[in-house]
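In what follows, a single structure is set out as structure tokens and then discussed.
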Amino acid sequence: MEALVHDPDARHGLRLAQAPDPSPRPDQVLVDVAAISLNFGEVAHLADNQKPGTVPGWDASGVVAVAAADGSGPAVGARVVTFGWGGAWARLRAVDVADLAVLPDAVDHASAAALPVAGVTALRSLRRLGPLLGRRVLVTGASGGVGRFAVQLAARAGAHVVAAVGSVERGAGLAELGASEVVVDLGEVRERLHGVIDNVGGGLLAQAYGLLAPDGVAQSVGMASLEPTTIDFERARRESPGARIEAFMFGGPPGADLAYLAGLVAGGELDPQVGWRGGWDRADEAIEALRGRRIRGKAVLEIDPR
């Protein structure tokens, strides 16, 4: 089959090449992939996480070509959105039935492909903040994939959402998605926060942590800054007693969460925010734009039909 494979000598470490067809286990379906999405973490750390010749990719949407042999999961022809820690960037993908959801008719493949890692991460990290109704929540890196989902879902849960971005231009559209405030400098945040969804890391996470109310919590989701974080915990003990930082972990199979998010998209209650869309032969272009912070939301690559 044709796939985007990891080649350390290629531009951005990827090239279109032939790869072996996947062999699904009895509890897996084989999916004919129609669209894939790119996440900052997977392209920024491609060489660290992939061996040469392997097929990377976390997010894909497509149609079931072969049903699971054990009888679980959807039938042949079902439209599905899928997740896994590899193998998405190919014409065929073998995926556990627990890691997929059947798509409502109203959700197209490009929109669906944007959901798995970014959408589920936003949903699960917000849940770990506890009840949000009437509470102040900061989302850093709010213009990215996880950030734009988090803004929408937090606002939907009744939070006062403060969206932090790297520039005024990057903040475009966030108020329409539900942000009550859009800030470029955390010095503009005047009131203490119940929770933080941090996608940036580095000094920004330390600054955000210092804004937490007593017993507030920050979820460290991403490290788009590619910089470590140094925190003055003595100061934090004085100013925000009980506040804490948690390293977000994705957790178990996301099938139920994918179904929930796809349902919101179908009902017009969640916008996948696909900010870049093109054929998978333009993967290098998409990666450059993603790493250069030129995409608001998600980058989606569509696979041309055979």
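General remarks:
- Looking only at residues of region 229-271 that are among the hydroxyl-bearing types (Ser, Thr, Tyr) and not in a helix (DSSP H, G or I), we find that the one that is surrounded by the fewest Cβ atoms within 10 Å (Cβ to Cβ) is Thr230.
- Test: residue in region 72-81 that is of a type in the set (Gly, Ala, Ser), part of a strand (DSSP E or B) and in the same structural domain as Gly268 (by TED's automatic domain parsing): no
- Every residue from region 8-38 that is of a type in the set (D, E, K, R), modelled with pLDDT of 95 or more and part of a loop (DSSP other than H, G, I, E, B): Asp21, Arg25, Asp27
- Among the residues of this structure, Asp198 counts as one that is assigned by TED's automatic domain parsing to the domain that holds Gly134, under 18 Å from Asn39 (Cβ atoms), modelled with pLDDT of 95 or more and not polar (S, T, N, Q).
- Complete set of residues in region 249-306 that are closer than 22 Å to Ala154 by Cα and aromatic (Phe, Trp, Tyr): Phe250, Tyr260
- Flag for Ala259 being under 14 Å from Ser37 (Cβ atoms), touching a strand residue (DSSP E or B) at 6+ places or on another chain (Cβ under 7 Å) and not assigned by TED's automatic domain parsing to the domain that holds Arg170: no
- Every condition in (1) in contact with a Gly (Cβ under 7 Å, 6 or more places away or on another chain); (2) in the same structural domain as Val274 (by TED's automatic domain parsing) holds for Gly141 except the one numbered (2).
- Scanning region 272-306 for residues that are among the hydrophobic types (A, V, I, L, M, F, W, C) and part of a helix (DSSP H, G or I) yields Trp280, Ala283, Ala286, Ile287, Ala289, Leu290.
The values are calculated or read from the model by the stated rules, or taken from the named source; none is laboratory data. Worth saying up front: this structure is predicted, and the values here are computed from it rather than measured. Glycine gets a Cβ as well: all are built from the backbone with ideal geometry, and neighbour counts include every protein chain shown.
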